[in-house]
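The values are calculated or read from the model by the stated rules, or taken from the named source; none is laboratory data. These numbers come from a predicted model, not from an experiment. Neighbour counts run over all protein chains shown; Cβ positions are idealised from the backbone, glycine included. All accessible areas refer to the heavy atoms of the entire protein, side chains included, with ligands and DNA or RNA removed. Shrake-Rupley method; radii C 1.70, N 1.55, O 1.52, S 1.80 Å.
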Amino acid sequence: ADEADDSGFYGVPRFVYHIDEGAVAALTQFYRRTVIPKSDILDICSSWVSHYPLEFKETMGRISGTGMNFLELKANQQFTDFKDKNLNIDPSLPYEDESFDVVTCVVSIDYLIYPIKVLKEAHRVLRPGGRVIISQSNRCFPTKAISMWLEMNDRQHLELINAYFQYAGGFKDREAFDISARGPGAGDPMFVVVAQKE
C-alpha cells in the first residue's frame, strides 16, 4: 500500500460512487430499516454522499460528517454540519462525549491506519446503547487500503472488523449481515457489521 500522506490523494474531489447501484440501494434500505427516527448520526470517512435514505434529513436529528475532502463534504446535502479531518494523522473525532446515537462508516475502514483508535473514539462519542454500522464491499483504492486487507477475502474482512471492535473494547457482541443485492445484474457484494455500545 502507498505510505504517502493521504492528503495528496484525497485533495482532489471525487464525485463518484465507490460501490454500484445495487450495493448503494441495499445499504440505503438497511439504514431505513434499522436506524430509529430522531437519531443523531455521525458519518466518518465520509464524502459527498452518505447513502442515507432521502427522508433522513427530515426524520433524523443531527446528521454530522467527517472526511478528507472539504468540497465533497460541503456537497453532501444530508449533513447538518461537517468537519474535514484526516483520521490517519489524528484518529480523534472532533465531537463531544455521548453526542450521537449512530456512527456509520461506508466502505472505508480498510483505509484507516489506526482503526482501533478510531473505534475507541466512535465508542466515546456514542450514547449508551448507540451503534456503529460499518459497511464493506470488495472494492477499494488498492494503493490506499492497508496491505493486510488486500490479501483477505470477504469473510476475513468481516472477521478483521470484528477483531477491531474486540480490541477497541466496550461493545456488545457484533452482528454481521450479507445485504448484497440479488438477482439478474447484481454486482458488488455488500456486508454490514453492527456493534452496540455497552
Top-ranked residue in region 102-122 [being over 14 Å from the mean Cα position of the chain (by Cα) and farther than 24 Å from Asn138 by Cβ; ranked as surrounded by the fewest Cβ atoms within 10 Å (Cβ to Cβ)]: Lys117
Within region 71-94, residues being over 20 Å from Lys57 (Cα atoms), surrounded by fewer than 22 Cβ atoms within 10 Å (Cβ to Cβ) and not acidic (Asp, Glu) number 7
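Sort through Phe141, Phe177 and tell me the only one that's over 14 Å from the mean Cα position of the chain (by Cα), at pLDDT below 95 and surrounded by fewer than 19 Cβ atoms within 10 Å (Cβ to Cβ). Break it down into steps so the answer makes sense when it comes.
Details: Phe177 fails: at pLDDT below 95.
Selected residue: Phe141, the only one of Phe141, Phe177 that is over 14 Å from the mean Cα position of the chain (by Cα), at pLDDT below 95 and surrounded by fewer than 19 Cβ atoms within 10 Å (Cβ to Cβ).
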Would a scan of region 73-96 turn up a residue that is more than 20 Å from Tyr164 (Cα to Cα), at pLDDT 95 or above, in a helix (DSSP H, G or I) and within 15 Å of the chain's Cα centre (by Cα)? yes
Select from region 22-57 the residues that are among the hydrophobic types (A, V, I, L, M, F, W, C), crowded, with 18+ Cβ neighbours inside 10 Å and part of a helix (DSSP H, G or I) and list them in ascending order. Ala23, Val24, Ala26, Leu27, Phe30, Phe56
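I need the full set of residues from region 156-174 which are open to solvent by less than 70 Å² (accessible area, probe 1.4 Å) and without any contact (Cβ under 8 Å) to a residue 12 or more places away in the chain, in order please.
Of all residues in region 156-174, those open to solvent by less than 70 Å² (accessible area, probe 1.4 Å) come to 157-158, 160-165, 168-171, 174.
Matches in region 156-174: Ala163 only.
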Yes or no: region 22-38 includes at least one residue that is over 30 Å from Pro184 (Cβ atoms) and at pLDDT below 95. no
